[in-house]
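The block underneath contains the structure these notes are about, expressed in structure tokens.
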Amino acid sequence: MKRNIVIATVAAAALIGGGTATAFATGGDDDSAASKSTVQLKDHDRDDQDGRDDDRKDDDRDDAAENTAEAKAAEVTAADAIKAALAHTSGTAVSAELDDEDGGLVWDVDVLKGSTWHNVEVDPGTGKVLGSWVDKADSDDKDDAAEDAADAARINSALKGASVSAADAAKAGADKGTVTSVDLDDDGTATAWNVETTGAKGAESEYDVDLKTGKVTADRTDAHDDDHDGQDDD
């Protein structure tokens, strides 16, 4: 349930003496980080090299190469990124995702405090917070505000009594590969964290980590594949 935060106006304030810059957004479409990530990525796209845009094998190689490069470049683990985000912005971590932000790699962490959503970006090379934003619904759009409130209530209810945090789930999933995403498996009756991992050769896998026991099981759902390849598995 990774939230897409829409941002318009960003005011960045850098602390004197090399402190972390923090940005607060009030709405709009600018979601750039306050500071640039130290981890910059190379383009693994083969289309321009061989002139074949629809070659499935090349696409698969590109994806595997990109997954491998991102996983290796992230010296800061998902669990440590969540820890850094919570040290900066108190609340409950609901998700963390290793993401490409304009060619730079970042950990994108969603933190929920009461009914307020915060987005915190953490440098995967240094563990420092690059920026943070408060997700404020448009005051003129009652539907958006109601949806945000409902999301917060549902998440808080799902996590009430949970003994396994997002960071705990990330640590548990690390035994299966490099964790690139942790997210609450939010289907209305969430009972687990969904953890995505990348293997040594770039293969992606998904696991469920029980909210109360911490038990790790393979995710057998087809929803993830449907979303990524655009095809329904009839």
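FYI, it's all coordinate maths here, none of it is from the lab. Just so we're clear, the structure is a prediction, and the values are computed from it rather than from any experiment. Backbone-built Cβ (ideal geometry, glycine too); neighbour counts: all protein chains shown.
Brief remarks on what is shown
- Distance between modelled label sites at Ala203 and Gln40, nm, 7 Å Cα→Cβ extension: 3.4 nm
- Computed over neighbours whose Cβ is under 13 Å from that of Ala174, the net charge equals -2, Lys and Arg +1, Asp and Glu -1.
- Calculated log₁₀ intensity ratio I(q)/I(0) where the Debye formula runs over C-alpha points of the range 68-187, q = 0.11, 0.21 Å⁻¹: -0.37, -1.17
- Taking 0.36 nm per residue of separation and subtracting the current Cα-Cα distance, fully stretching the chain between Glu147 and Thr126 would add 4.1 nm.
- Stretching Lys215 away from Asp175 to a fully extended chain increases their span by 13.2 nm, per 0.36 nm per residue minus the current alpha-carbon distance.
- Note on the range 141-194: Cα Rg divided by 2.2 N^0.38 Å, N the number of residues, gives 1.35.
- Positive-end residue of Ala71, Ala93, Val109, charge dipole of the range 69-109 with Cβ unit charges: Ala93
- Most to least packed among 79-85, 162-168, 192-198, 63-69 [average Cβ atoms within 10 Å]: 192-198, 79-85, 162-168, 63-69
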